[in-house]
Amino acid sequence: MTDLLAATTASTATDAAPDSASTVVHPAASVDHIATPLTDARSQLAEAIGLLGYTDGLHQMLATPRRELSVAVPLRMDSGESRLYLGYRVQHNFSRGPAKGGLRYAPSVNLDEVRALAMWMTWKCALLDVPYGGAKGGVAIDPREHSMAELERVTRRYTSEILPIIGPERDIPAPDIGTDEQTMAWIMDTYSVNMGYTVPGIVTGKPISLGGSQGRASATSRGVTHIALAALRHVGIEPSRASAAVQGFGKVGADAARFLSEAGVSVTGISDQYGAIFNAAGLDIEALSEHVRATGSVVGFAGAEPIDGAELLALDVDLLVPAAVEGVLHEGNAAAVRATVVVEGANGPTTPAADRIMRERGILVVPDILANAGGVIVSYFEWVQANQAYWWRADEVEARLEERMLSAWQHVLGYAGARGLSLRTAATALAVERVAEAHKLRGLYP
Ligand code: GLU
């Protein structure tokens, strides 16, 4: 598998058509060691394929998105001027069901990133046994620079452009970085107006009053917390005596910090995109949330001292939760991590080189496709509820979420333990095996 891995890690945004095998196999390509989310995702896949002994043909299929759409999204600004943004929707795999995955608004969004995120969604859904394939969407826009009216127009235009490939039985978007339940409401409305009837199952992460699920907004953070507490106990640390650092105070990090602290974990460090803060005695998360609501950032919080972002990742804590973006734990800083357990709230926060370094240092890394799967699990519950027009109580949602997270944790732990694998390799192999099994049973058409 080494050749294929070398070839895939050399693949860049300039790749030819994604459905051509040449995207994956360039035997003569020189390997450049600049890690991107896509090279990371493909090297994780290559490792799982090697372990499972699968053929190059199957490897190529799983390394390559099934379908991808790039769209130009013109926006009429409130000022009257017009701007153009680039958008994408990548559907990585449909073998186990409709494609599923979030929609990201960030200036750095690009096709390769969306391809990686779509692949991770396929593994996440398979690992947690929700009946979906994987997809991801993105628009290269900074939502902080736009009014609500502008964001509404961008969202509706992007939705119109991807309309032919989405649908409750085809591909179901959800929130991700830079998008929220209001974004989902606009997508649902745009899709429904075009269909001529209301289609609540077209998106998940909707407002509850439009058919969203109880517990969806905090589901990723709840799932991260269930896994973090289980992982701490697994390494012999009682959560009520544990300390934690959380990178990111957005959709995942903020509630994860709150739930961890409610569980008795002392959260001593938190960062966001503007800076980082530290308090050895534990941060008051309630008061910090109040400060963030008022100022828009953790910076300047009175109950803490400022530190820099690099220091946050190297804090002397039991648990580190990277809950921001990809590639933050890399070859250059993995040796500085002092946590005993890393639980990935973000997608793809650890590069393969950092994985190796932390493994050698005895750090337990719980991979994204397991740790942050709570969001898509409750998305699945939301889709089931919307399709049946019958809604569950919050306690039912939460009990089912916890049950699925903890049984997946046990499964991955058992598989890894029996084979001497890292949790990431075990989780990826389990997921890839399920997708491959579905693919083989369905067979190739024609
Ligand atoms: N964006 C979330 C993730 O990365 C949720 C996706 C979904 O619910 O479809 O898992």
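The values are calculated or read from the model by the stated rules, or taken from the named source; none is laboratory data. Not measured: the values here are computed from a predicted model. Neighbour counts run over all protein chains shown; Cβ positions are idealised from the backbone, glycine included. The area values use the complete protein model at the heavy-atom level, side chains included, leaving out ligands, DNA and RNA. Shrake-Rupley method; radii C 1.70, N 1.55, O 1.52, S 1.80 Å.
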Restricted to segment 129-143 and to residues being assigned to a loop (DSSP other than H, G, I, E, B) and open to solvent by less than 10 Å² (accessible area, probe 1.4 Å), the residue nearest to residue 375 (Cα to Cα) is 130
Checked against (1) within 15 Å of residue 128 (Cβ to Cβ); (2) crowded, with 22+ Cβ neighbours inside 10 Å, residue 386 satisfies every condition except (1)
Residue 426 passes all but one of the listed conditions (1) assigned to a helix (DSSP H, G or I); (2) at pLDDT 95 or above; (3) surrounded by fewer than 24 Cβ atoms within 10 Å (Cβ to Cβ); the exception is number (3)
- Scanning for something more than 30 Å from residue 34 (Cα to Cα), touching a Lys or Arg at 6+ places or on another chain (Cβ under 8 Å) and in a helix (DSSP H, G or I), does segment 258-271 turn up at least one residue? yes
Some residue of segment 159-174 being part of a loop (DSSP other than H, G, I, E, B) and under 23 Å from residue 367 (Cβ atoms)
no
Filtering helices (runs of 4 or more DSSP H) wholly in segment 313-411 for at least 1 residues that are within 16 Å of the ligand (Cβ to nearest atom) and without any contact (Cβ under 8 Å) to a residue 60 or more places away in the chain gives 374-388
Output for Cβ contacts, cut-off 8 Å, separation at least six or different chains, first residue open to solvent by less than 60 Å² (accessible area, probe 1.4 Å) in segment 175-190, second part of a helix (DSSP H, G or I) and within 11 Å of the ligand (Cβ to nearest atom), reads 175/184; 176/117
